[in-house]
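Visitor: Handing you this structure, nothing more for now.
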Amino acid sequence: MRTEAVARAPASVGNIGVGFDLLGHVFDGPADRVRVRRIDAPEVVIAGIGGVVEALPLEAARNTAGSALLAMRQALGLPFGFELWIDKGIALGSGLGGSAASSVAAVVAANALLDTPLPREALYPFALAGEAVASGSVHGDNVAPMLLGGVVLATPTRLLRLDAPDWLHCAVVHPDLVLETRRARAVLAEPYPLADVVTQTAHLGLFLTGLARGDRALLREGLVDVLVEPRRRALIPGFDAVKAAALDHGTLGASISGAGPSVFAWFDDAARAAAAGAAMRAAFAEAGLAARAWSAPVAGPAAELVA
């Protein structure tokens, strides 16, 4: 019987602009790794944390990875426990799904140690429970694409992978700035006018139809966020210039990745995405922020076992 496993969970773009708390996709960039060992004691123990973030709770119930495995143990009535080591490759407060990645990597690794491993969809509630420790709410726009790969529609109880044309590429740029999810969600507390909600719903419909049909014009028309971006843009220095750089390179749409401060843009060409990423990074530099940029296919890889 296998007693130890290591899993890798990639970064993600939550919301994809028009799908707040509903849509997300992964991309081949930074990632978290979690090593899990099966132990006889009926508990979850975090043995160590390293990487780009080390100051995280070692108490399992206060840690996204630990909380996810606690939820798994309780739901499945497991007579054994887990010991885990977390290697953070995704910065927290980056808008790249850092809290979700640790949770997902933990459940994928632990699943390999079960007497009868579960299908990916069955891991969803455990990973959600873990991610909620950091975000303060249950939403699967980061967790779901990490579990399934590609572009995913996520509700609190379902996750559905959506078709995405292979020509779709993204540029994702992360400035050297921490923006906590709770703070970014706080600016959304005031009610929205019904007209704005209707407009956003129309954009979401156009976007999903464009994705299903591989229609560039529909994607461009739909990928416009009138709800979240207007309230969060002021939290990200240089955001307008960064988005303008993406528009100058022919983006199908650009907005805030997750809660921010990272910014993403979609393109119909890999070379254009790479060039735009460099220009977006330069725009952040003009605002006084160093930044990293990645370009990759939108339909990125799911979390996977690596050892």
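Coordinate-derived values only; no laboratory data. Just so you know, these numbers come straight off a predicted model, no measurement behind them. Here the Cβ positions follow ideal geometry from the backbone for every residue, glycine too, while neighbour counts run over all protein chains shown.
Visitor: Calculate the all-directions average of the projected area of region 1-103's alpha-carbon convex hull, and give it in nm².
Guide: 7.1
Visitor: Would you look at the GNM of the chain, springs on alpha carbons closer than 10 Å, and say which of VAL152, VAL53, VAL173 moves the most?
Guide: VAL53
Visitor: Work through the residues other than GLU190 whose Cβ is under 14 Å from its Cβ and net out their charges, Lys, Arg +1 and Asp, Glu -1. Could you put the intermediate results ahead of the total?
Guide: Working: positive: ARG185, ARG231, ARG232; negative: ASP196.
Net local charge, GLU190 excluded: +2.
Visitor: Name the shape class, rounded, prolate or oblate, that the alpha-carbon gyration tensor gives for region 54-123, where a ≥ b ≥ c are the square roots of its eigenvalues, rounded holds for a/c under 1.5, and otherwise prolate holds if a/b is larger than b/c and oblate otherwise.
Guide: On the way: a/c = 2.27, a/b = 1.62, b/c = 1.40.
Here region 54-123 falls in the prolate category.
Visitor: Still on this model: With a ≥ b ≥ c the root eigenvalues of the C-alpha gyration tensor of region 169-297, is it rounded (a/c under 1.5), prolate (a/b larger than b/c) or oblate? Present the calculation step by step, with values, prior to reporting the outcome.
Guide: Details: a/c = 2.19, a/b = 1.06, b/c = 2.06.
Here region 169-297 falls in the oblate category.
Visitor: Could you tell me whether region 25-69 comes out rounded, prolate or oblate from its Cα gyration tensor? Rule is a ≥ b ≥ c as square roots of the eigenvalues, rounded for a/c under 1.5, then prolate if a/b exceeds b/c, otherwise oblate.
Guide: prolate
Visitor: Tell me which of ASN111, ALA259, SER295 sits at the most positive position along the dipole axis of the chain, charges placed on C-beta atoms (Lys, Arg +1; Asp, Glu -1).
Guide: My answer, from the dipole projection, is ASN111.
Visitor: Now for a separate question. Of MET280, MET72, MET146, which has the largest mean-square fluctuation in a 10 Å C-alpha GNM of the chain?
Guide: Ranking MET280, MET72, MET146 by mean-square fluctuation puts MET72 first.
Visitor: Could you sort the peptides 254-266, 214-226 by per-residue average Cβ neighbour count (10 Å cutoff), highest mean leading?
Guide: 254-266, 214-226
Visitor: Tell me, how many Å apart are the Cα centres for region 210-236 and for region 250-288?
Guide: Result: 13 Å between the Cα centres.
Visitor: Mind jotting down the distance between the C-alpha centroids of region 140-203 and region 1-60, whole Å?
Guide: Between the Cα centre of region 1-60 and that of region 140-203, the gap is 19 Å.
Visitor: Can you tell me the 0 to 90 degree angle between the C-alpha axis of helix 194-213 and the longest principal axis of the chain, rounded to 10?
Guide: For 194-213 against the chain, the angle is about 80 degrees.
Visitor: Another question, then. Could you list which residues have their amide H under 5 Å from that of SER257, counting only those 5 or more apart in sequence or on another chain, with H placed in the peptide plane?
Guide: Amide H neighbours of SER257, under 5 Å, 5+ apart: SER262, VAL263, PHE264.
Visitor: Which whole-Hz couplings ³J(HN,Hα) result when phi for each residue of region 292-307 is put into the Karplus expression 6.51 cos²θ - 1.76 cosθ + 1.60, θ = phi - 60°, listed in order with x for Gly and Pro?
Guide: Residue by residue, region 292-307 yields 10, 10, 10, 10, 6, x, 5, 7, x, x, 7, 4, 8, 6, 10, 6 Hz.
Visitor: Quick check on the exposure proxy: order HIS139, HIS174 from fewest to most C-beta atoms within 10 angstrom.
Guide: On the way: HIS139 23, HIS174 27.
Lowest count first: HIS139, HIS174.
Visitor: Could you work out [θ]222 nm for the chain from helices alone, using -39500 (n - 2.57) per DSSP H run of at least four and dividing by all its residues? Round to the nearest 500 deg cm²/dmol. Let's see the in-between values first.
Guide: On the way: 10 runs with 109 residues, N = 307.
It comes out at -10500 deg cm²/dmol, rounded to the nearest 500.
Visitor: Apply the Karplus curve 6.51 cos²θ - 1.76 cosθ + 1.60, θ = phi - 60°, to the phi angles in region 242-247 and return the couplings in whole Hz, x for Gly and Pro.
Guide: Using θ = phi - 60°, the values come out as 5, 5, 4, 4, 5, 5 Hz.
Visitor: Would you pull out the residues with amide H under 5 Å of VAL228's amide H, same chain only if 5 or more places away, H placed 1.01 Å from N?
Guide: none
Visitor: Let me ask you something else. Using the Cα centre as the reference, give the magnitude of the dipole from point charges on the C-beta atoms of the chain (Lys, Arg: +1; Asp, Glu: -1; all else neutral), rounded to the nearest 20 debye. Display every interim value, and only then the final one.
Guide: Details: 25 positive and 30 negative charges, 33 e Å.
Here the size comes out at about 160 debye.
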